[in-house]
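Here is the structure we will look at.
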Amino acid sequence: MTRPLYSILSLAFFAIPLLAATSGAAWAQPEIATGQCTDGTLGGMICNLINGTVSLPGIVAGLSYMAGLICGFLGIMKLKGHVESPSQVEIWEPIKRFVAGGAFFVLPFIADVVRETIEGDGASTAGNGFNGSSSVLALMP
């Protein structure tokens, strides 16, 4: 029994960006980035786990791009089938596949935005006069 396309897409839209955002915590902590995880404590094991999954966002991005290409190709094939016999293939079949392919192409970008939002390195607010505690009224002349 095959899984419906919408259940696969719901997995892709919710689980994969969450996994990519949480595995991005390795870049935020210097002891993880330098690989200094030698003690046998629970923290050392978590540190080693994060070191082992540093390349996971790149793998997820590659799989997402591949799924987008496959969905796009299947959409083209369904569109061809609809043009040849409109009574056999509804127009919504290729549209669904094109939307899914586009969603898979956008997934790595969304995951990167989520990771940057959670980590917040502060580069985007540097030099604009906003310090996080100012109100809108205080910024007005």
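Numerical summary
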| read-out | value |
| --- | --- |
| Residue list for the range 61-91, restricted to those being outside any helix (DSSP H, G or I) and among the aliphatic types (A, V, I, L, M) | Val89, Ile91 |
| Any chance Leu63 is more than 30 Å from Ile118 (Cα to Cα), modelled with pLDDT of 90 or more, surrounded by 14 or more Cβ atoms within 10 Å (Cβ to Cβ) and not polar (S, T, N, Q) | no |
| All positions within the range 46-60 that are surrounded by fewer than 18 Cβ atoms within 10 Å (Cβ to Cβ) and either within 14 Å of the chain's Cα centre (by Cα) or in a helix (DSSP H, G or I) (or both) | Ile46, Asn48, Leu49, Asn51, Gly52, Ser55, Leu56, Gly58, Ile59 |
| Any pair with Cβ under 7 angstrom, 6 or more apart, that starts in the range 68-89 at a residue that is on the phi < 0 side of the Ramachandran plot and ends at one that is at pLDDT below 95 and of a type in the set (A, V, I, L, M) | Lys78/Val89; Gly81/Val89; His82/Val89; His82/Ile91 |
| Single residue of Gly101, Gly122 found to be at pLDDT below 85 and under 26 Å from the mean Cα position of the chain (by Cα) | Gly122 |
| Among (1) assigned to a helix (DSSP H, G or I); (2) free of Cβ contacts under 8 Å to residues at least 24 places away in the same chain; (3) charged (D, E, K, R) - the single one Lys96 does not satisfy | (2) |
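The values are calculated or read from the model by the stated rules, or taken from the named source; none is laboratory data. Please read all numbers here as calculations on a predicted model, not as lab measurements. Neighbour counts are summed over all protein chains in view; Cβ atoms, including those assigned to glycine, are modelled from backbone coordinates with ideal geometry.
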